[in-house]
Amino acid sequence: AASERSYIMIKPDGVQRGLVGDIISRFERKGFALKGLKLFQTPQDLAEEHYSELKERPFFPALVKYIVSGPVVCMVWEGPGVVASARKLIGATNPLNAEPGTIRGDFAIVSGRNVVHGSDSPANGEREIALWFKEGELVDWEPTVLPWVLE
Ligand code: DAT
Ligand code: MG
């Protein structure tokens, strides 16, 4: 559906390393529509809730510590197939397995510093958007170029 949305987040390493512009550019150039954007310092409980499916994994404490270690950039991108497409743009979880040309393939080496998050299903996208954005923080708009991107 054209209204599919994904929660995309530039993690603290991506912000610290000055990769924000490059990463946002990749989603813009693809043609997806930006519906929400903020720089945000993540509270511990939100990081834990975001990754709650992983709470029994040995790396969970280190993962949460990493996510709260500095500001993140929270985004909502919308478009047909955006969830799966964003995962392709982002690349594999382990950056050594991520193809060159993907964000993780170009910018990262280890899973614990893999620069960016993307929702893994449309349902999780909606769950994560509700977790990270308040009512009124998302903007209801359509890019005027939309007819040149979608038929
Ligand atoms: P993804 O971010 O590609 O959706 P995931 O949801 O399986 O991957 O895991 C969330 C994050 O947890 C991932 O981006 C990095 C970290 N992580 C996952 N597996 C890991 C591992 N084996 N060792 C260290 N960190 C890991
Ligand atoms: Mg995931």
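Key figures
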| read-out | value |
| --- | --- |
| First in segment 72-94 and part of a helix (DSSP H, G or I), second anywhere and away from ligand 2 (no atom under 14 Å from the Cβ) and open to solvent by 60 Å² or more (accessible area, probe 1.4 Å), Cβ under 8 Å, 6 or more apart | SER85/LYS30; LEU89/LYS30 |
| Test: residue in segment 56-77 that is closer than 15 Å to GLU128 by Cβ, more than 12 Å from ligand 1 (Cβ to nearest atom), surrounded by fewer than 16 Cβ atoms within 10 Å (Cβ to Cβ) and at pLDDT 95 or above | no |
| Members of segment 113-151 that are in contact with a Leu (Cβ under 8 Å, 6 or more places away or on another chain) and away from ligand 1 (no atom under 13 Å from the Cβ) | ILE129, LEU131, TRP132 |
| Every residue from segment 28-55 that is among the hydrophobic types (A, V, I, L, M, F, W, C) and away from ligand 1 (no atom under 16 Å from the Cβ) | PHE32, ALA33, LEU34, LEU37, LEU39, PHE40 |
| Some residue of segment 44-54 being in a helix (DSSP H, G or I), open to solvent by 70 Å² or more (accessible area, probe 1.4 Å) and in contact (Cβ under 8 Å) with a residue 40 or more places away in the chain | yes |
| Test: residue in segment 18-41 that is within 16 Å of ligand 2 (Cβ to nearest atom) and open to solvent by less than 40 Å² (accessible area, probe 1.4 Å) | no |
| Those residues of segment 95-112 which are of a type outside the set (A, V, I, L, M) and either within 9 Å of ligand 1 (Cβ to nearest atom) or free of Cβ contacts under 8 Å to residues at least 60 places away in the same chain (or both), in sequence order | PRO95, ASN97, GLU99, PRO100, GLY101, THR102, ARG104, GLY105, ASP106, SER111, GLY112 |
| Residue pairs meeting the criteria (Cβ under 8 Å; at least 6 apart or on separate chains; first part of a loop (DSSP other than H, G, I, E, B), in segment 117-130; second near ligand 1 (Cβ under 8 Å from one of its atoms)) | ASP120/ARG87 |
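The values are calculated or read from the model by the stated rules, or taken from the named source; none is laboratory data. Please read these numbers as outputs of a predicted model, since none were measured by experiment. FYI the Cβ positions are ideal-geometry reconstructions off the backbone, even for glycines, and counts take in every protein chain you see. Note: accessible area is taken over every heavy atom of the protein model, side chains too, but ligands, DNA and RNA are not part of it. Shrake-Rupley method; radii C 1.70, N 1.55, O 1.52, S 1.80 Å.
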